[in-house]
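The values are calculated or read from the model by the stated rules, or taken from the named source; none is laboratory data. As the structure is a prediction and not an experimental result, all values here were calculated from the model. Heavy atoms of the whole protein, side chains included, go into the accessibility calculation; ligands, DNA and RNA do not. Shrake-Rupley method; radii C 1.70, N 1.55, O 1.52, S 1.80 Å.
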Amino acid sequence: MKLIIGNKNYSSWSLRGWLAAKQSGLSFEEIIVPIMGEHWDKRKQEMDDVQPSSGKVPILWDGDTVIWDSLAIMEYLADKVGRDRFWPKDGTARGMARAMVAEMHCSYASLRSEMPMNVRRRAPLENVSEQTRADIVRILQLWAEARARHGSAGPFLFGTFGAADIFYAPVVSRFVTYGIGVPGFAQSYMQAVWEHAWMEQWIAASENEEWVIEQYEQVQ
């Protein structure tokens with residue numbers, strides 16, 4: 001399999017696809033195409049020949065199969081290796097995890113816009129809009145409920161690392177970057193994600209990247 005991703009420092013969706021591939025346990029080749037770099041337009045045209053996504057990342061190639069959405073990539077991999085590797089075994093917990101992943105996949109536009117992922121940067125926000133504050137509160141509420149109801153088996157949202165943690169990992173990165181104050185239970189959860197071996201690999205690679213996207217460095 002091949003996984004096409006963007007800059008590790010900036011691409012939140014790439015992080016999700018990459019973590020999903022790691023969680024699957026399957027071997028894959030990682031191909032990085034710097035977003036907004038000199039090869040980006042050419043690569044977008046090449047990718048548009050096989051999928052209608054306007055050259056978005058991540059993209060998983062598995063033989064003749066091409067998947068160009070992070071949630072679809074995770075579900076495809078879950079079908080290949082067994083869904084229990086990604087989702088809680090308990091039906092109630094699995095239902096909540098699915099709802100949380102779906103909400104992350106399609107919501108929080110204000111947070112995404114106002115707090116773009118930038119793994120290397122440490123820049124507490126001086127001004128946070130009311131909508132972004134509402135997004136943050138909602139996410140913390142979901143984390144609290146998941147941890148309280150289903151997190152007894154370990155430090156992650158549903159105990160063991162899985163689909164929900166994969167999808168909220170970029171939020172953890174954003175909270176670290178922009179110095180978002182969170183309650184103690186959330187600090188513990190964020191630490192568990194940040195210190196996960198795969199996240200440490202991603203963070204180290206992000207810090208070693210030379211590419212800089214200026215518009216993501218000017219957030220105040």
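Once the convex hull of the C-alpha atoms of the stretch 53-103 is built, how many Å³ does it hold per residue, rounded to a whole number?
75 Å³
According to the square roots a ≥ b ≥ c of the eigenvalues of the Cα gyration tensor, what is the shape class of the stretch 163-220, taking rounded for a/c under 1.5, prolate for a/b larger than b/c otherwise, and oblate for the remainder?
Because a/c hits 1.5 or more and a/b fails to exceed b/c, the stretch 163-220 counts as oblate.
So between ARG112 and GLU209, what do we pick up on full extension, going 0.36 nm a residue minus the alpha carbon distance?
32.7 nm
Kirkwood hydrodynamic radius, the stretch 124-194, all distinct C-alpha pairs: what's the number in Å?
12.4 Å
Where does each of TRP61, TRP211 land when they are ordered by accessible area, with a 1.4 Å probe and the largest first?
TRP211, TRP61
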